[in-house]
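See structure below.
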2 protein chains.
Amino acid sequence: MPERLAQSAFALFSRHGIQNVNLDRIAAHAGVTKGSLYWHFESKDEIIQAACSHYYRSWHRRINVEIAPFADPLERLERALGFSVRTCLLDKENRVFTLEIFTLSLHDEAVRRGWRQFLDSVREFYVGLLEAARAAGRIKTPDSRQAVDFLLAAMEGIKLQALFDPELCSRRVEKQISEQLLRTLGCVERRRASAADGSSRAHTPR
Amino acid sequence: MPERLAQSAFALFSRHGIQNVNLDRIAAHAGVTKGSLYWHFESKDEIIQAACSHYYRSWHRRINVEIAPFADPLERLERALGFSVRTCLLDKENRVFTLEIFTLSLHDEAVRRGWRQFLDSVREFYVGLLEAARAAGRIKTPDSRQAVDFLLAAMEGIKLQALFDPELCSRRVEKQISEQLLRTLGCVERRRASAADGSSRAHTPR
DNA sequence: ACACTTCCATACTGTCCGGTATAGTCCGCG
DNA sequence: CGCGGACTATACCGGACAGTATGGAAGTGT
């Protein structure tokens, strides 16, 4: 039941925002009433934290599913990048929820700490992918950490832009941005192949 | 008086967030009471809009002051970039206020429209600087608009990172990021000069 | 002096919402 | 069977706050 409440909270927060969703609504969405909700959670803050945890776990699960079929380090990196960019551009719920969390983080140390831990795990995830691609000679970047930091920052920015420019929310832009981000990472082989042989175009993920 | 109320609203919103600031507080900050405030503005929404307009005007004024002393296109671009990056990293009020506005934009079309107009004006500002630098042969980028879009996105992302990592809020990181952004713009001369002659180091703004 | 306008202060109103109190139901265990 | 614990539903509470009503003050024009 606590997990169902957390899911309901996430679902509602990610559509309507945190302030616009009251506890009666979360409880009803989970099929119970507010009394039950208060049995499991002490406060709205605690429910918000539960929704965050739900989101963090879900993100990790989804991105791992995305890269699981691939062994090539650069392919894995590309897939992960593609997933992230797609999430930023097309996943409106992700946008709403994360923005709400950021704003809450401004004044709530606990929420900030939670996001920071999540961000650290995402960073380690990407550094791992990048180092593997680097070891395989597919990426050339002087400093993996810094490159990943830049990448993550760029993706957050892109997410914001998508909020204000719905035309960005397309597969074409997604591909464009993914390539741009790969370029900033110092992708060596991808670029050359693209310039030399148009058949790599067909190789691009859909 | 309306301008004083808008300034008060901005000052308070940029420190405490929009939800955490009630109208009594804004009025008191401006030296009046809520009745006066309601004489000038119809609703809290209208006061939020006034605070936004105040912020937008202030931003344009400040960045123009920053680049006014310089004639060289690349120097102007660098100064503007430096100002923006500094604002993102060090100006906490800017961070708080803009994040609050983004979150409000998720569900409020009027706020979203306002920011979008502001963003368009910022984009045009940077495209203007970039084109000038390009015409002077100081910048090499295939598509100014796209480059500026990427730049603006990156800056928003950096602002978010600064929220979660206070160590980023330093002049060293500011310089590092500014250089990185210049690199993504296709800055030709700056890079070469830096590699060839250490004296350009002293030329770097403090 | 009076009327009008602009602006302001104060008290009030009603809604919303997080949180609480209390009673009820169900299940497992001795 | 009785009891305790986990869970649930319902009614209630009090505070917060945007917005409203009303009266007052000051300035201006006739």
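A few notes on this one:
- If you go through region A:167-182 and pick out every residue that is surrounded by fewer than 19 Cβ atoms within 10 Å (Cβ to Cβ) and either aromatic (Phe, Trp, Tyr) or more than 17 Å from B:Arg145 (Cβ to Cβ) (or both), you end up with 3.
- A:Ile18 meets each of the listed conditions (1) within 12 Å of DNA strand D (Cβ to nearest atom); (2) in contact with a Leu (Cβ under 9 Å, 6 or more places away or on another chain); (3) among the hydrophobic types (A, V, I, L, M, F, W, C) apart from (1).
- Among the residues of region A:12-20, none qualifies, meaning not one is within 30 Å of A:Leu185 (Cβ to Cβ), without any contact (Cβ under 8 Å) to a residue 24 or more places away in the chain and either among the hydrophobic types (A, V, I, L, M, F, W, C) or not assigned by TED's automatic domain parsing to the domain that holds A:Leu99 (or both).
- Meets criteria (part of a helix (DSSP H, G or I), outside the structural domain of A:Pro166 (by TED's automatic domain parsing) and open to solvent by less than 30 Å² (accessible area, probe 1.4 Å)) for A:Phe83: no
- Any chance B:Glu66 is among the acidic types (Asp, Glu) and closer than 22 Å to B:Gly128 by Cα: yes
- Being within 12 Å of DNA strand D (Cβ to nearest atom), part of a helix (DSSP H, G or I) and either more than 14 Å from chain B (Cβ to nearest Cβ) or more than 21 Å from A:Phe97 (Cα to Cα) (or both) is a description that does not apply to A:Glu66.
- Within region B:40-53, considering residues that are open to solvent by less than 30 Å² (accessible area, probe 1.4 Å) and more than 16 Å from DNA strand C (Cβ to nearest atom), the one farthest from B:Ser84 (Cα to Cα): B:Ile48
- Taken over region A:59-75, the criterion of being open to solvent by 10 Å² or more (accessible area, probe 1.4 Å) and either modelled with pLDDT under 95 or over 9 Å from the mean Cα position of the chain (by Cα) (or both) is satisfied by A:Arg61, A:Arg62, A:Asn64, A:Val65, A:Glu66, A:Ala68, A:Pro69, A:Phe70, A:Ala71, A:Asp72, A:Pro73, A:Glu75.
- Selection from region A:1-44 of residues that are among the charged types (D, E, K, R) and within 14 Å of chain B (Cβ to nearest Cβ): A:Arg15, A:Lys44
- Only one entry in B:Glu78, B:Glu109, B:Glu93 is open to solvent by 20 Å² or more (accessible area, probe 1.4 Å), under 12 Å from the mean Cα position of the chain (by Cα), on the phi < 0 side of the Ramachandran plot and in the same structural domain as B:Glu179 (by TED's automatic domain parsing), namely B:Glu93.
- So B:Asp24, is it part of a helix (DSSP H, G or I), among the charged types (D, E, K, R) and within 12 Å of DNA strand C (Cβ to nearest atom): yes
- Candidates B:Ser200, B:Ser170, B:Ser178, B:Ser144 - the one that is modelled with pLDDT under 85 and of a type in the set (Gly, Ala, Ser): B:Ser200
- Note on region A:45-63: among residues that are of a type in the set (A, V, I, L, M) and within 16 Å of DNA strand D (Cβ to nearest atom), the one that is nearest to the other protein chains (Cβ to nearest Cβ) is A:Ile47.
- Test result for A:Asp149, under 21 Å from B:Cys88 (Cα atoms) and at pLDDT 90 or above: no
- Listed by first and then second residue, the pairs linking a residue in region A:36-62 that is outside the structural domain of A:Ala110 (by TED's automatic domain parsing) and closer than 13 Å to A:Gln117 by Cβ to a residue that is within 16 Å of DNA strand D (Cβ to nearest atom) and not in a helix (DSSP H, G or I), with Cβ atoms under 9 Å apart and 6 or more places separating them unless they lie on different chains, are A:Gln49/A:Phe41.
- Filtered by the rule that a residue be in a loop (DSSP other than H, G, I, E, B) and more than 9 Å from chain A (Cβ to nearest Cβ), region B:92-117 gives a lone residue, B:Asp108.
- When region B:122-149 is filtered for residues that are exposed (fewer than 13 other Cβ atoms within 10 Å of the Cβ) and either at the interface with another protein chain (Cβ under 10 Å from one of its Cβ atoms) or in a helix (DSSP H, G or I) (or both), the ones remaining, listed by number, are B:Glu124, B:Ala135.
- The residues of region B:8-39 that are over 23 Å from A:Gln19 (Cβ atoms) and surrounded by fewer than 18 Cβ atoms within 10 Å (Cβ to Cβ), listed by number, are B:Ala28, B:Gly31, B:Val32, B:Thr33, B:Gly35, B:Ser36, B:Trp39.
The values are calculated or read from the model by the stated rules, or taken from the named source; none is laboratory data. Since the structure is predicted, the reported quantities are computational estimates derived from the model, not experimental observations. Cβ: placed from backbone, ideal geometry, glycine included. Neighbour counts: every protein chain shown. All accessible areas refer to the heavy atoms of the entire protein, side chains included, with ligands and DNA or RNA removed. Shrake-Rupley method; radii C 1.70, N 1.55, O 1.52, S 1.80 Å.
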